[in-house]
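Shown next, in structure tokens, is the structure this report addresses.
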Amino acid sequence: MEEQTETTMAPGERMDVDGGGYVPLQPEPEDDEPLTGAPFVIKKFSPVFFWSWDVHSDSCAICRVMLMEPCLNCQVNNKTSCVVVWGECNHAFHNCCMAAWIKSGSSSSGTAGTGSKCPLCQAEWIIQRVGN
Amino acid sequence: MTTMTRRRLLRDLKKLQEDTPSGICAAPCDNNILVWHAVIFGPADTPFEDGTFKLVLEFTEEYPNRPPGVRFVSKMFHPNVYADGNICLDILQNRWSPTYDVSAILTSIQSLLDEPNPNSPANSQASELYVKNRREYEKKVKAIVEQSWVAFGDDKDDKDKKAK
Ligand SMILES: [Zn+2]
Ligand SMILES: [Zn+2]
Ligand SMILES: [Zn+2]
């Protein structure tokens with residue numbers, strides 16, 4: 001899954017893009033030409049880069065929507081502030097979807113213990129990180 | 001009804017249409033997406049072979065955070081199916097996961113047919129025969145397989161009549 005994004009950046013600014021294609025952001029200075037005498041100066045340029053999600057599956061196993069898009073519930077409610085949550089087991093879901101599952105109370109039933117389980121691998125659900 | 005549940009069910013339906021597991025068909029009612037009718041064909045090389053078993057799935061607004069109620073409408077003779085058609089299957093109770101969908105539910109029920117769990121008997125006669133007298137068990141199963149054809153045909157005629 002790839003998405004094209006356009007960003008405007010100042011020249012020389014460095015950018016880190018996880019798992020995405022690398023775009024050289026600095027114009028190559030030519031050694032034999034003094035910078036002051038350059039025929040033109042780059043004031044602004046817009047690199048176009050590609051990126052992709054570095055997760056096992058790019059859709060949320062609970063609502064079946066792509067993780068890069070807002071979850072089904074947020075889409076219905078026109079909310080765009082939907083984040084992704086990763087567990088220690090490396091499974092990722094929409095934070096909303098996982099929260100709703102935990103809130104339903106079904107997530108901890110079945111086996112001993114009170115902690116919630118990952119819906120995919122049944123491992124104890126420990127949040128590794130939340131983000132985009 | 002929450003739109004979220006409805007949309008998830010529509011996704012389930014789309015997935016079923018695009019990638020139908022063998023021996024299973026299912027669709028929601030025309031006027032209520034929370035109620036689905038399904039047919040499971042008995043798996044080959046089992047006593048259930050050639051059976052066409054009808055089921056009803058009833059979802060709540062809490063789906064997929066809560067499992068749907070699933071029961072056989074066709075008469076069933078199975079250690080883990082109650083007389084009223086309700087199914088004793090862990091994934092439909094305490095081992096439910098919101099990652100399951102209609103396709104996964106029906107596939108699990110289909111494989112339960114030939115792999116009963118004698119530890120959670122819902123039909124004591126079927127459980128006992130399954131363990132102690134497999135021949136008699138299979139005979140009883142064959143009988144409900146034949147009944148499933150008759151019931152299937154009847155229902156079709158009914159629908160045709162209503163349509164006219
Ligand atoms: Zn989701
Ligand atoms: Zn959301
Ligand atoms: Zn997991």
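The values are calculated or read from the model by the stated rules, or taken from the named source; none is laboratory data. This is a predicted model, so every value here is computed, not measured. When the accessible area is computed, the model is the full protein with side chains, heavy atoms only, and any ligands, DNA or RNA have been set aside. Shrake-Rupley method; radii C 1.70, N 1.55, O 1.52, S 1.80 Å.
Where the convex hull is taken over the Cα atoms of chain B, what is its projected area averaged over directions, in nm²?
That works out to 10.0 nm², a quarter of the Cα hull's surface.
How do B:Phe41, B:Phe59 stack up against each other in accessible area, from largest to smallest, with a 1.4 angstrom probe? The partial results should precede the final answer.
Values: B:Phe41 80, B:Phe59 15 Å².
Final ranking, largest accessible area leading: B:Phe41, B:Phe59.
For the stretch B:10-74, what number results from the quotient of the Cα radius of gyration and 2.2 N^0.38 Å? Walk me through the numbers before you get to the answer.
On the way: Rg = 12.8 Å, N = 65, 2.2 N^0.38 = 10.7 Å.
Cα Rg divided by the expected 2.2 N^0.38 Å: 1.19.
Can you flag which of B:Lys75/B:Lys132; A:Lys103/B:Lys54; B:Lys14/B:Lys142 are past 29 Å Cα-Cα?
Numbers: B:Lys75/B:Lys132 22 Å; A:Lys103/B:Lys54 33 Å; B:Lys14/B:Lys142 34 Å.
Violating the 29 Å Cα-Cα cut-off are A:Lys103/B:Lys54; B:Lys14/B:Lys142.
How big a patch of accessible area, both sides summed and in Å² to the nearest 100, lies buried between A and B at a 1.4 Å probe?
On the way: alone 9320 and 9670 Å², together 17370 Å².
About 1600 Å² of accessible surface is lost on pairing.
To the nearest 500 deg cm²/dmol, what mean residue ellipticity at 222 nm is calculated for chain B from DSSP H runs of n ≥ 4 alone, each contributing -39,500 (n - 2.57), summed and divided by the residues?
Working: 4 runs with 68 residues, N = 164.
After summing the helix terms and dividing by the residues of chain B, the value is -14000 deg cm²/dmol.
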